[in-house]
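Taking it in order: structure first as structure tokens, then the write-up.
Computed from the coordinates by the stated procedures, all read-outs in this text should not be read as laboratory data. From a predicted model like this one, the values you see are computed outputs, not experimental measurements. Here the Cβ is made from the backbone with ideal geometry for all residues, glycine too, and neighbour counts use every protein chain on show.
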Amino acid sequence: MTSATAGCGRICLALHGSDAIFSELSSTYPLKLLSPRNERAGLAVVYMITYGGGLVSGDSVSLSVDVGPRANLVLLSQGSTKVFKFRPGQRAASTDALQVTTQRMEFSVASGGALFLLPDPVTCFRAASYNQLQTFHLAADASLVLLDWVTSGRKSRGEEWVFARYYSVNEVLVGGRRVAKDVMLLEDGDTLASKLAPYACYATLLLYGPQVQGVIRALTEEYGRISVFKAGGPAGLLWSLSALGDGGAVVRVAGNETEDVRRWLGEALRGLQVVLGTEIFRRALG
Amino acid sequence: MADETILILLLSDSNLPTGSFVASSGLESFLKHGFGFVPSPSPIPLPVASGTPSNDSGTIGGVNHSHPIPPTTTSISKAEAITTFIRDSLSTYAPSALPFVSDAHYVVSALQSSGGGKEAASRTLELLKELDALYEAMTLNHVARRASKAQGVALLSLYSKGFSRPPGLGLHFSPPAANGNANASEGGIDDATDADTRMATLVDAFKLAVRRGDTDAHGHLPVCWGVLCAALGLSLARTQHLHLYLHARSLLSAAVRLNTIGPYAAQQILLHVGGALVDAQLGKCARLRTGVLIAEVSNSSTDGGAGTNEKQERGWDETTDGPATTWPLGEILAARHDLQHSRIFNS
């Protein structure tokens, strides 16, 4: 028996009348996809779950998602995605020691559709190595909320930025044209903690399309009101906003604690309650 | 003097009109937000074993007589803060920008040494735009984008206005043969003039595309730096090294103008730490490529060209061999530059 596994998942969501219906919802170990019932018209929710609560070195998960015209899909995780060097309680073969854990996800969102990718943050444990490659193909009038965040590790065990490597790509194409390719690599060994201090959580939020214009407008106004005077030390939470093409924005957030960032995101995205409904919004960002 | 020395002297002159003096690459914002001066729990590891100005409290203030900086812990921690910023800034700038410098240098050098005609020139222009568009998509922070475009376009102008042959003068500079560019050195003035004309045409066409606002042409600094250096015949290794060195130097220049450290301390840091930091990043990032040229190289590999780059790019894996940013905190602080109540730099 090997400790490394390759899981595949596929989600196809289409709108029939006012019901968002899965024409496909399948996955293989260690990935599991669960869709709880919800009352919102035109909207479906899927939880991405990994057995054992995490991924180990050598694991690879690939997910392919199609959101049909005018359908809305919310993708959530159940707790943070934990990346272990080894599966707890299991001694990995020495050949697995240097292997990377990889999650590869391809999303396509058709005209008028929307994808709300709102997982919990990724937490890489000591010495873990993780690749996450996400590609988003959007139709010209599709919408996207992409949240990608990472924590410093198991703070309770004194782990702060002591994983081996974290690599994350988010590539967004609108109508076939690349509008953003955000590539973040964290792997500086001894200097990583000092260069990310004092923060224990970093988030990237990418917003695009007609359904998020209200959120973007509100955030842009709030950002414009900030005026920075000479500070005596770093603030507990910092965020930035840059416009992205026509009708998009990239928001980055850093916070002393993961919960600070979560609270900030919940506030920043409160405009989504109208689209998602309070119940789903609370599950995603509550 | 057909070697690289004169080029390096020219390109590293702080009087070079590139507009880099208005950029602090996030340093001003970093300091304004209160970063850098908080005593860190552990000493900051530097890639130099000894001779760093970080621990010897007498060094920095002591040598500076005309700008006396008292040898207090404040001045030491400021020098340390600047050194740390340079380390972290280089650690993200090198892997994100150097692949673009390298690939732009490669395509322009290839055109120069091939003696290619119109078709090759227009293909080169297409590739430069592709590199430029990718850099634009990867540089999501609007302040860094703005600064990169301003400085990049300035380099293109510098080539056509500042490095072209003055009319009516008999003498002219022959690019060095460092790129395996046999034509320029062996073929005499006629071939060299042809090559000059080819490069001038290419640079002008690229600049025009940027000015016209072509969707893919932005004139980003790393791409334009690669173009400029290749057009002048500077080797890839020198081109890469100089780019990172100038990044470090302009940060120190910004630090002096922000009155954070004195001019002597800046030289001291550049000599004793800056060089090693630049070398460390070169060691890691000189081999990185954008991935844009992979298709190109495999297309042309049948006619036997390409050489070492072909080998490098075969089996290219974006997760280990591609561009990436590595300092999310630096991204946030640099993007917040415009939020400062008062500021002296443009980025």
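Calculated mean residue ellipticity, 222 nm, chain A: -3500 deg cm²/dmol, from DSSP H runs (n ≥ 4) at -39500 (n - 2.57) each, averaged per residue and rounded to 500. The simple Förster model, with R0 at 22 Å and r as the Cβ-Cβ distance, assigns B:E119 and B:D194 a FRET efficiency of 0.85.
Each of B:H272, B:H247 has some number of other Cβ atoms within 10 Å of its Cβ, and from fewest to most they run B:H272, B:H247. A straight chain from A:V274 to A:A231 at 0.36 nm per residue would run longer than the Cα-Cα distance by 11.8 nm. Over all orientations, segment A:6-285 has a Cα convex hull whose mean projected area works out to 15.1 square nanometres.
Overall, segment A:6-285 carries a charge dipole of about 380 debye about its Cα centre when +1 sits on the Cβ of Lys and Arg and -1 on the Cβ of Asp and Glu, all other atoms neutral. Here the calculated FRET efficiency for A:A218 and B:S164, from their Cβ-Cβ distance with R0 = 51 Å, stands at 0.50, rounded to the nearest 0.05. Across the options A:L144, A:L269, A:V61, the greatest Cα extent toward the positive end of the charge dipole of segment A:6-285 (unit charges at beta carbon of Lys, Arg, Asp, Glu) belongs to A:V61.
Once you reduce segment B:88-150 and segment A:56-70 to the center of their Cα atoms, the two points are 32 Å from each other. Between the alpha-carbon centres of segment A:94-155 and segment A:207-286 there is a gap of 19 Å. Relative contact order of segment A:6-285, taken over Cα pairs closer than 8 Å and 6 or more residues apart, is 13 percent. For segment A:180-286, chymotrypsin sites (Phe, Trp or Tyr not before Pro) meeting the loop criterion (DSSP other than H, G, I, E, B) and having at most 13 other Cβ atoms within 10 Å: A:F229. Whole-percent P(r), segment A:133-184, all Cα pairs, 10 Å bins from 0: 21, 38, 22, 14, 4. A crude spin-label estimate for the pair B:R257 and B:I6, with each label 7 Å from Cα along the Cβ direction, gives 3.0 nm.
Shown in residue order for segment B:123-133 are the 3J(HN,Hα) couplings computed by the Karplus curve 6.51 cos²θ - 1.76 cosθ + 1.60 at θ = phi - 60°: 5, 4, 4, 4, 5, 4, 5, 5, 4, 4, 5 Hz (x for Gly and Pro).
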